[in-house]
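The values are calculated or read from the model by the stated rules, or taken from the named source; none is laboratory data. Treat the numbers as computed from the prediction; the structure is a model and nothing was measured. Note that we place each Cβ from the backbone using ideal geometry, even for glycine, and neighbour counts take in every protein chain shown. Ligands, DNA and RNA are stripped out before the accessible areas are found, and what is left, the full protein with its side chains, is counted by its heavy atoms. Shrake-Rupley method; radii C 1.70, N 1.55, O 1.52, S 1.80 Å.
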Amino acid sequence: AFAVSVVSEDAEDETEIPVLQKSGKSKTISKIGRELKGIVFVIQSQSNSFHSKRAEDLKRDILRQAVDLGKELPTVLLIHQIDRHEGAWTILPLMSDFSVTYGRNTSWIFFCEEDTRIQVVKLLEILRRFDKSKEWFLGKALYDEESTIIHHYAFAENPTVFKFPDFAAGWALSIPLVNKLAKKLKSEPLKSDFTIDLKHEIALYIWQKGEGPHLTPVPEFCTDDVNSYKAGHCATTFSNFLPLCGEPVNKEDVFVAVKTCRKFHGDRIPVVKQTWEREAALIEYYSDYADISIPTIDLGIPNTDRGHCGKTFAILERFWNGTSPKTPWLVVVDDDTLISIFRLRKLLSCYDPNEPVFLGERYGYGLGTGGYSYITGGGGMVFSRTAVQKLLASKCRCYSMDAPDDMVLGMCFSGLGIPITHSPLFHQARPMDYPKDYLSHQIPVSFHKHWNVDPVKVYFTWLAPNTEESQNGKKVGYNREDL
C-alpha cells in the first residue's frame with residue numbers, strides 16, 4: 001500500500017494514513033480526501049480553440065495531482081462550458097447555481113485563470129488555516145495607487161485602502177459566502193449595467209459598502225513564474241506572460257486600420273509615426289478628410305462626437321472587399337492607441353485565422369440580464385478575416401452612424417453565436433490606471449489615451465520592441481519608469 005503524510009487540522013503532529021491498496025481501492029477515507037472533495041475548481045476558460053486547450057490542460061493537471069494523492073477527484077469546471085449564461089465569465093451570475101449545486105457538500109469555490117498553476121497539496125494546506133464555516137474571500141491583493149477611471153474613481157481620498165484579487169494568482173470564496181451572495185443577488189441585482197474591471201467589481205459587490213468581508217490577502221497565492229526562485233513557498237504560480245506558439249505571424253499578415261479625424265491629424269498622428277507605425281507593414285489612416293501628407297483616406301463618413309460605428313463598418317467593408325484581399329488579420333485602433341505590433345504578431349501565432357476570432361480586452365453590458373460581451377475599442381480590436389466575413393454576411397449593422405462601434409460589434413457577434421476572445425494584454429487605459437503588481441506579470445500589447453502622459457515615453461517604456469525579449473514568451477526585466 002502507498003501512504004502520504006497529512007497534517008491533522010486538530011494537531012501539530014503528522015499522521016501516516018494508508019491511501020491506496022495495489023487493487024487501486026481506497027483503504028480508508030482520509031481527511032485530505034474529504035478536503036479535496038470539498039473544493040470546486042472553476043477555470044476562467046474561453047471557447048476559442050487555443051484557450052480551451054490550455055484550460056483543459058490545467059484541468060487535467062489538477063485531476064492528475066488528485067490521482068497521485070490517491071484520492072477521490074475534485075470537481076473542476078470550465079467557465080465556457082457553462083453555457084446557460086452569456087455572462088458566465090463575470091462569475092456573479094453563477095452564484096445561485098453554485099449555491100444550489102454545491103452549497104451543502106463542499107467548502108470552497110476556487111477560481112483561477114487558464115495560466116494559473118496550482119500545487120494542490122499546498123492549496124489544501126492554505127485553506128486549512130481558515131474556518132470553512134465562516135465567510136471568507138481569499139486572494140492576492142491588488143490596490144490602486146491613485147483613483148482611476150476604470151474603477152469610476154472609487155475611494156478617491158485613499159484608493160490604497162480597497163483591495164481586490166489578482167485573478168492570475170487564483171482566489172477563493174468559502175461556501176457560506178457563496179450562499180450569502182446567491183441570496184443577496186436575488187433581492188439586490190448588480191448596480192451597473194457595465195462590466196469593465198471584473199476583479200474590482202466583484203470585490204466591491206462582496207464588500208457591500210463595508211458590511212461584507214474584505215479580501216483577505218494570502219501570501220502563498222502568487223503570480224511569480226513557476227520556475228522563479230521566489231515560487232518555492234507558493235501554492236499558485238503563473239505560467240505565461242506573452243503566449244508564443246511557434247513563429248510570430250508575418251508582418252504582411254497583419255493589416256492595421258487607424259481611425260482618426262482632421263482635428264487630430266496634427267497631434268495624435270505624429271505620435272503614431274514616432275512610435276509604432278514602423279512595426280506595421282500594412283497600415284492605413286481613415287479620416288473625414290484626405291490629407292496626402294499622412295496620408296489619410298476619406299471614407300465618406302462624417303466625423304461624429306460620440307461613437308464611430310459608421311466609420312468602423314466602412315473599414316471592415318474596405319478590408320473585406322479588396323484593400324488587402326488575402327491578409328488574415330485586421331487590427332482596428334484609435335489614433336491615441338499605443339500598440340506593439342511586434343508583440344501582437346507573437347500573440348497571433350496562437351490563433352487560427354480560419355476561426356472567427358474577435359480579440360482584445362473584454363467588457364460586458366447587461367450580462368446579469370442577458371446582454372452581451374464586447375471588445376473595448378481603445379485597446380485595439382483584432383479580427384480574423386473569417387470573423388469579418390461572417391459579420392458582413394450577417395447584415396448586422398449600426399443602428400445609427402454614431403453608435404458605439406465596439407458595443408454594436410459585440411451585439412452582432414453575440415447574435416451570430418461567435419464569442420469574443422479576451423486577452424488581458426490589451427488595455428483601454430494608461431499604465432498608471434492599473435496596479436503595478438498586475439502589470440508586473442504581463443508583457444503588454446497595448447495602452448490607450450494621451451491624457452496627462454507623454455505617449456512617446458509610454459510607448460518606449462512599455463511597448464517598444466526589445467532585443468532582450470526572450471522568444472519563448474517568458475517575462476523579462478524592463479526598466480519601466482513611473483508614468
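Details
- Cysteines in the chain that, by Cβ-Cβ distance, have no pairing candidate under 4.7 Å: Cys112, Cys261
- Overall, the stretch 344-435 carries a charge dipole of about 220 debye about its Cα centre when +1 sits on the Cβ of Lys and Arg and -1 on the Cβ of Asp and Glu, all other atoms neutral.
- Protein accessible area in the stretch 31-238, 1.4 Å probe - carbon and sulfur %: 52
- Calculated on alpha-carbon atoms, Rg and Dmax of the stretch 251-472 in Å: 16.6, 49
- Rolling a 1.4 angstrom probe over the stretch 251-472 with all protein chains present gives an accessible area of which 51% lies on carbon and sulfur atoms.
- Within the full protein context, the accessible area of Asp224 is estimated at about 40 Å² for a probe radius of 1.4 Å.
- Average accessible area per residue (Å²) across the chain - probe 1.4 Å, nucleic acids and ligands excluded: 44
- Centroid-to-centroid separation of the stretch 366-417 and the stretch 137-168 [C-alpha atoms, Å]: 30
- Label-to-label distance, Asp352 versus Asp267, with points set 7 angstrom from Cα along the beta-carbon direction: 4.6 nm.
- Contour minus Cα-Cα distance for Thr304 and Gln81 (0.36 nm per residue): 76.3 nm
- Using alpha-carbon coordinates, inclination of helix 405-415 to the longest axis of the chain, degrees: 60
- Loop-resident chymotrypsin sites (Phe, Trp or Tyr not before Pro) (DSSP state other than H, G, I, E or B) in the stretch 231-318 with no more than 14 further Cβ atoms inside 10 Å of their Cβ: Tyr289.
- Theoretical FRET efficiency, 1/(1+(r/R0)^6), r = Cβ-Cβ of Asp131 and Ser187, R0 22 Å, to 0.05: 0.25
- Förster-model FRET efficiency, 45 Å R0, Asp291 and Val161, C-beta, rounded to 0.05: 0.40
- Label sites at Phe460 and Tyr153, each approximated as a point 7 angstrom past Cα along Cα to Cβ, lie 3.3 nm apart.
- Computed from Cα atoms, the angle from the helix 49-68 axis to the main principal axis of the chain rounds to 10 degrees.
- Working from label points 7 Å from Cα in the Cα-to-Cβ sense, the Lys395 to Asn321 distance is 1.7 nm.
- Calculated mean residue ellipticity at 222 nm for the chain: -7500 deg cm²/dmol, from DSSP H runs with n ≥ 4 weighted as -39500 (n - 2.57), summed, divided by the residue count and rounded to 500.
- The alpha carbon centroids of the stretch 33-57 and the stretch 219-236 are separated by 19 Å.
- Tilt relative to the chain, helix 385-394 - C-alpha long axis, 0 to 90 degrees, to 10: 80
- Tail fraction, Cα-Cα pairs, the chain, threshold 31 Å, whole percent: 46
- Mean Cβ neighbour count within 10 Å, used as a protection proxy, ranking 117-126, 157-166, 86-95, 332-341 highest first: 332-341, 86-95, 117-126, 157-166
- Cross-link check: pairs Lys53/Lys230; Lys122/Lys436; Lys186/Lys390; Lys263/Lys436 evaluated at a Cα-Cα cut-off of 32 Å; pairs beyond the cut-off: Lys186/Lys390; Lys263/Lys436.
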